[in-house]
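What follows is one structure encoded as structure tokens, with my remarks underneath.
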Amino acid sequence: MATATYTGTEKPNYLNWKTTVASWLLTYDHKRIAILYLVSISIFFLLGGLAAAFIRLDLATPKGDLLTSDIYNKMFTTHGVIMIFLFLIPSIPAVFGNFLLPLMIGARDVAFPRLNLLSWYFFMAGALLVLIALFRGGIDTGWTFYTPYSSSFAKGEVSLAIVGVFLAGFASIFTGINFLVTIHKMRAPGMTWFRLPLFVWAMYATSLIQVLGTPVVAITLLLVAVERTFRIGIFDPNLGGDPILYQHLFWFYSHPAVYIMILPAMGVISEVLSAFSKRRVFGYHFVAFSSLAIAIIGFLVWGHHMFSTGQSMYAGIVFSFLTWIVAIPSAIKIFNWMATIWKGRVHWDTPMLYALGFMGLFVIGGLTGLHLAAMATNVHLTDTYFIVAHFHYVMVGGAIMGYLAALHFWWPKMTGRMYPEGWGKLAAMLVFVGFNLTFFPQFILGYMGMPRRYHSYPEEWAVLNVLSTAGSSVLGFGYLLPVIYLTWSLKYGKVVTERNPWGARGLEWELVDPVPDPHNFERIPIVTRPAYDYAHPEEPTGFVPKPRPVVVGGKDG
Amino acid sequence: MAGHSESHVHPVSLYTRTLWWLMALLVLTVAAGFIPNVPNWLGVVIALTIAVWKATIVIMNFMHVRFSGKLAWLFAGAGFFWLLIMLAFAFADYVSRPWEPFHGWPE
Ligand code: HEM
Ligand SMILES: [Cu+2]
């Protein structure tokens, strides 16, 4: 279509009403910004995955025949920096948060649409700097940028990468501010706090962390760049600094940041589990408040990354204790989810498979976190493959499973097309099997003492490492499949004609069309029922007030 | 008296006055650095006091918290409280590092 305004015969929706490049790059529409983020982070995911493939191929042989140790260091840094800062942090918030939040609460957009677009530009600018740093020789500090190595010794474009992460950090802050204000100020009439879908509660908690934590890591990283450039003593003991201070400041953000990754996934799981077992989420209030509890207590535990650094033993004891406490709200969620699907009519569609996968894998990841939180076992396990396995179980088995569940669940809403269900199920199975084959052996390797971040190892660990590499090829294949069939479905997928193909509840499923029109709601709906009201299947959550609003009383809780 | 307005339009003088205050405090910070024989800890106290003062001016005037509702106050306050958490836990580490669990604990 040559013109910028809509002239087609189809009903206008957010995808077809304007189609120029400028209409995408200058859009303030939260749905289009979500798509911009989706395309960008998908590319970064593939790049990060490529680096992972090199790492696993190198580790297929004990001598590490593929890469030199120098290149290997750069590879895992590339992998970590891209996956954490350019994929996982923005993943669910910037894509599904952006797309769904206004739809779910009955608003026409987020509170600050321009800031929303600016967020994407900051993100892309940051990503560009990181990529430039990587292509100009790469960096080998690890994604944690630990001092004094990063500030005094590391060669390469560390400062450039740091400025990139700084910008991406501000993109994340913008998203957080936007969502907080949107949730406070823009809920449709009748959408009380306890009628909000749990995904919205999860996004609220996530946004709090983004706003309260990200500035700290941004400035801390900038201080590393300042010390590198101007030799101002902050972390270098020779200049009067303290390298452990860096770890305090870094983990003050970066432990809560793991909840930036997992909380939104937990929100998705609540939506998917209830939609595919056709039941209200059990213990709604507990699940909602446990998100807030995680966000707040999550700020008090960062010292568990520093047990073996010379941190005071007393601080260690307190951090260890608080870390155990923070596991409780996660457990609350798991138990409530189990009660949700218990005796429900479970439908085994692709999103549900991912959601169930999440539950199993997150439990393993969380429980091994408890082993790490005990100071005595931590000394043995820290900096081994046990850590690598632990955080991949939570971040890949948890966060990415949630992301994929969301992608399939809301795909018909975002694109108006259905993905091929058979391929979807196959991919979900491959991801689950491949994931466990890749990462379970690493628990054993770590327990046996194999340290992380080395490119070669003694012969006796070869079998488990080969298993892990073999698993990673299955996993990689499982991830490639959705890339292919989802892209395919954009053109050839079955056109969705009903607005609610899953029979799910929630305002986003009650819009007039499968693909919402540019302004979401012709009229702002009035919400009359609690979320997940599956007990009354015929009655919608909200209704469009015409000709005159009649507020029907619905019982909450 | 520019700050009394209830409306959302603030006179330019509010911002120019903010700027001058910040500049004056900057000069004060530098000047304090030149006072001879100030013990280290006192220097830190002076510098941090002035810094907090400056931050308060920015938050109140420039960021309009002074003219905003309770919710904005709550969030601004939470920001400071979180800073406090960070400082308290981090300093707790430094303070307790030399403590011995019992006398003669090996280094
Ligand atoms: C919920 C999502 C979680 C994510 C995304 C996550 C992520 C991570 C990551 C990335 C690390 C490694 C840091 C590094 O060395 O570079 C880590 C370490 C650790 N995690 Fe988790 N974690 C999660 C949950 C938990 C839970 C529930 C616990 C405990 C209750 C926990 C306890 C720990 C501990 C103690 C360490 C430090 C190990 C060490 O380096 O000595 N984590 N986690
Ligand atoms: Cu942590």
Unmet criterion (only one of (1) farther than 17 Å from A:GLY402 by Cα; (2) within 12 Å of ligand 2 (Cβ to nearest atom); (3) surrounded by 24 or more Cβ atoms within 10 Å (Cβ to Cβ)) for A:SER254: (3)
Select from the stretch A:132-167 the residues that are open to solvent by less than 10 Å² (accessible area, probe 1.4 Å), more than 16 Å from ligand 1 (Cβ to nearest atom) and within 27 Å of A:SER207 (Cα to Cα) and list them in ascending order. A:ALA161, A:ILE162, A:GLY164
Have a look at A:LEU57, A:LEU86 and point out the one that is under 22 Å from the mean Cα position of the chain (by Cα) and part of a helix (DSSP H, G or I). A:LEU86
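Is it fair to say A:ILE209 is touching a Pro at 6+ places or on another chain (Cβ under 6 Å) and within 16 Å of ligand 2 (Cβ to nearest atom)?
So A:ILE209 passes the test.
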Can you find even one residue in the stretch A:297-318 that is part of a helix (DSSP H, G or I), within 16 Å of ligand 2 (Cβ to nearest atom), surrounded by fewer than 19 Cβ atoms within 10 Å (Cβ to Cβ) and free of Cβ contacts under 8 Å to residues at least 12 places away in the same chain? no
Report every pair of residues separated by at least 6 positions or lying on different chains whose Cβ atoms are under 7 Å apart, first residue within the stretch B:81-104 and within 9 Å of chain A (Cβ to nearest Cβ) and open to solvent by 60 Å² or more (accessible area, probe 1.4 Å), second assigned to a helix (DSSP H, G or I) and of a type outside the set (Gly, Ala, Ser). B:TRP99/A:TYR314
Selection within the stretch A:280-290 - crowded, with 19+ Cβ neighbours inside 10 Å and farther than 18 Å from A:MET104 by Cα: A:PHE282, A:SER290
Taking the condition of being open to solvent by 30 Å² or more (accessible area, probe 1.4 Å), farther than 22 Å from A:HIS371 by Cβ and not hydroxyl-bearing (Ser, Thr, Tyr), how many residues in the stretch A:425-471 meet it? 13
Determine whether the stretch A:349-359 contains at least one residue that is away from ligand 1 (no atom under 11 Å from the Cβ) and assigned to a loop (DSSP other than H, G, I, E, B). yes
Among the residues of the stretch A:203-253, how many are more than 30 Å from the chain's Cα centre (by Cα), away from chain B (no Cβ under 12 Å) and not β-branched (Val, Ile, Thr)? 11
Residues to consider are A:PHE282, A:PHE276, A:PHE321; find the one that is aromatic (Phe, Trp, Tyr), more than 14 Å from chain B (Cβ to nearest Cβ) and in a helix (DSSP H, G or I). A:PHE276
For the stretch A:412-424, name all the residues that are open to solvent by 10 Å² or more (accessible area, probe 1.4 Å) and in contact with a helix residue (DSSP H, G or I) (Cβ under 7 Å, 6 or more places away or on another chain). A:THR415, A:ARG417, A:MET418, A:PRO420, A:GLU421, A:TRP423
Could you tell me whether the stretch A:360-370 includes any residue that is in contact with a Leu (Cβ under 7 Å, 6 or more places away or on another chain), part of a helix (DSSP H, G or I) and of a type in the set (S, T, N, Q)? no
In the stretch A:472-499, anything closer than 30 Å to A:ARG345 by Cβ and open to solvent by 40 Å² or more (accessible area, probe 1.4 Å) is listed as A:LYS494, A:VAL495, A:THR497, A:GLU498, A:ARG499
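Residue by residue, here is whether (1) within 16 Å of ligand 2 (Cβ to nearest atom); (2) open to solvent by less than 40 Å² (accessible area, probe 1.4 Å) holds:
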site	(1), (2)
A:GLY213	yes, yes
A:VAL224	no, yes
A:ASP236	no, yes
A:LEU239	no, no
A:LEU245	no, no
A:PHE250	yes, yes
Among the residues listed as A:HIS455, A:HIS519, the single one being over 30 Å from A:ARG187 (Cβ atoms), out of contact with any His (no Cβ under 6 Å at 6 or more places or on another chain), not aromatic (Phe, Trp, Tyr) and not in a helix (DSSP H, G or I): A:HIS455
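The values are calculated or read from the model by the stated rules, or taken from the named source; none is laboratory data. These numbers were taken from a predicted model, which means no experiment stands behind them. Glycine also receives a Cβ, built like all others from the backbone with ideal geometry; neighbour counts cover every protein chain displayed. These area figures cover heavy atoms from the full protein model, side chains too; ligands, DNA and RNA do not enter into them. Shrake-Rupley method; radii C 1.70, N 1.55, O 1.52, S 1.80 Å.
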